[in-house]
Amino acid sequence: MVLDEKSVKKNPFDQFDLWFKDALKLDLKDPNAMNIATSTKSGKPSSRMVLLKDYSKKGFVFFTNYNGRKGKEIIANPHVALNIYWEPYERQVRIEGTAKKLSTAASNKYFASRPRLSQLGAHASNQSEVIENYEVLLDKIEYFKKKFKGKSIPRPKHWGGFCVTPATIEFWQGHKGRLHDRLKFSKKKNTWKFVRLSP
């Protein structure tokens with residue numbers, strides 16, 4: 001597979017859409033899995049995997065607990081980096097930009113679409129906090145099962161979405177001998193331009 005100046009889409013979101021739809025055709029458990037790196041105000045980094053739930057020309061959307069380490073770091077320092085890799089195609093997309101909370105309405109809409117157990121988990125888990133054992137979590141799940149029995153489960157205020165608005169998007173296509181294609185898009189005055197990077 002070749003990624004070159006002639007074939008690449010001139011808008012990186014269109015190129016991402018092309019590659020993402022290719023990934024959906026693969027027999028992958030989570031083709032929307034991506035790594036997100038955050039850092040504290042002082043620059044201490046951390047990273048973890050999340051699921052890309054939506055994307056558009058506005059940015060890339062995922063959902064999380066705002067009170068967990070990830071959420072707290074984003075609120076304190078909105079500069080983040082995303083990395084998505086589809087091994088069967090040897091394709092990688094690297095995104096750097098800033099994250100902002102989604103609207104209450106958008107977070108409510110997505111929360112309502114989640115499986116009930118996932119909704120309960122959002123209430124039961126104090127993400128990133130120390131707990132004595134796994135049974136503590138199971139007990140809290142049972143508590144919220146009883147509390148919301150026969151009712152719709154509301155979105156907890158500490159849970160919701162972020163949208164990452166990219167400043168740069170790099171497309172990486174792997175090749176033998178590590179002679180990879182790398183095309184990096186940057187936005188300048190509302191226009192996307194790309195350059196080729198050496199592998």
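The residues listed here are Asn77, Asn67; of these, the one that is in contact with a His (Cβ under 7 Å, 6 or more places away or on another chain) and of a type outside the set (Phe, Trp, Tyr) is Asn67.
Considering Ala106, Ala122, Ala112, which residue is touching a Gly at 6+ places or on another chain (Cβ under 7 Å), assigned to a helix (DSSP H, G or I) and not acidic (Asp, Glu)?
Details: Ala122 fails: touching a Gly at 6+ places or on another chain (Cβ under 7 Å); Ala112 fails: touching a Gly at 6+ places or on another chain (Cβ under 7 Å).
The conditions single out Ala106.
Looking at the stretch 128-153, which of the residues that are in a loop (DSSP other than H, G, I, E, B) and touching a His at 6+ places or on another chain (Cβ under 9 Å) is nearest to Phe13 (Cα to Cα)? Spell out how you get there, then give the answer.
Step one: filter the stretch 128-153 for residues in a loop (DSSP other than H, G, I, E, B), giving 128-133, 148-153.
Adding the requirement that they be touching a His at 6+ places or on another chain (Cβ under 9 Å) leaves 148, 153.
Working: Phe148: 40, Ile153: 34 Å.
Here the residue is Ile153.
Inside the stretch 1-46, residues that are within 18 Å of Ala81 (Cβ to Cβ) and basic (Lys, Arg) make up a count of 2.
Just the residues that are aliphatic (A, V, I, L, M) and free of Cβ contacts under 8 Å to residues at least 40 places away in the same chain, please, taken from the stretch 110-130.
Hits for the stretch 110-130 are Leu117, Leu120, Ala124, Val130.
Per the conditions (1) at positive phi; (2) part of a strand (DSSP E or B), the sole criterion not satisfied by Gly177 is (2).
Being loosely packed, with under 13 Cβ neighbours inside 10 Å and modelled with pLDDT of 95 or more: is that true of Lys140 here? Please lay out each step first, then the result.
Numbers: loosely packed, with under 13 Cβ neighbours inside 10 Å: no; modelled with pLDDT of 95 or more: yes.
Here the answer is no, as Lys140 does not meet what is asked.
What do you reckon, is Lys189 among the charged types (D, E, K, R), surrounded by fewer than 17 Cβ atoms within 10 Å (Cβ to Cβ) and over 23 Å from Lys53 (Cα atoms)? Yes; evaluated as a whole, the condition is true for this residue. Considering (1) within 28 Å of Thr191 (Cβ to Cβ); (2) surrounded by 14 or more Cβ atoms within 10 Å (Cβ to Cβ); (3) in contact with a helix residue (DSSP H, G or I) (Cβ under 8 Å, 6 or more places away or on another chain); (4) not β-branched (Val, Ile, Thr), the lone condition that Pro31 does not fulfil carries the number (1). For the stretch 91-109, the criterion of a residue being touching a residue at least 12 places away in the same chain (Cβ under 8 Å), more than 30 Å from Ile141 (Cα to Cα) and more than 13 Å from the chain's Cα centre (by Cα) is satisfied by at least one position.
Would the stretch 131-147 turn up any residue that is closer than 29 Å to Lys41 by Cα, without any contact (Cβ under 8 Å) to a residue 12 or more places away in the chain and of a type in the set (D, E, K, R)? Write out each step before concluding.
Restricting attention to the stretch 131-147, the residues satisfying the condition of being closer than 29 Å to Lys41 by Cα are 131.
If we keep only those that are without any contact (Cβ under 8 Å) to a residue 12 or more places away in the chain as well, we get 131.
Narrowing further to those that are of a type in the set (D, E, K, R): none.
Scanning the stretch 131-147 turns up no residue that is closer than 29 Å to Lys41 by Cα, without any contact (Cβ under 8 Å) to a residue 12 or more places away in the chain and of a type in the set (D, E, K, R).
The rows are residues; the columns are (1) touching an Asp or Glu at 6+ places or on another chain (Cβ under 9 Å); (2) surrounded by fewer than 18 Cβ atoms within 10 Å (Cβ to Cβ).
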| residue | (1), (2) |
| --- | --- |
| Gly71 | no, no |
| His79 | yes, yes |
| Tyr85 | no, yes |
| Asn126 | no, yes |
| Asn133 | no, yes |
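Under the condition of being of a type in the set (Val, Ile, Thr) and assigned to a strand (DSSP E or B), which residue from the stretch 45-103 is farthest from Phe16 (Cα to Cα)? Full working, then the answer.
Applying the first criterion (of a type in the set (Val, Ile, Thr)) to the stretch 45-103 yields 50, 61, 64, 74-75, 80, 84, 93, 95, 98.
Then drop every residue that is not assigned to a strand (DSSP E or B), which leaves 50, 61, 64, 80, 84, 93, 95, 98.
On the way: Val50: 18, Val61: 14, Thr64: 23, Val80: 18, Ile84: 10, Val93: 8, Ile95: 11, Thr98: 18 Å.
Here the residue is Thr64.
The values are calculated or read from the model by the stated rules, or taken from the named source; none is laboratory data. Keep in mind it's a predicted model, so treat the numbers as computed, not measured. Reconstructed Cβ throughout: ideal geometry from the backbone, glycine too, with neighbour counts over all protein chains shown.
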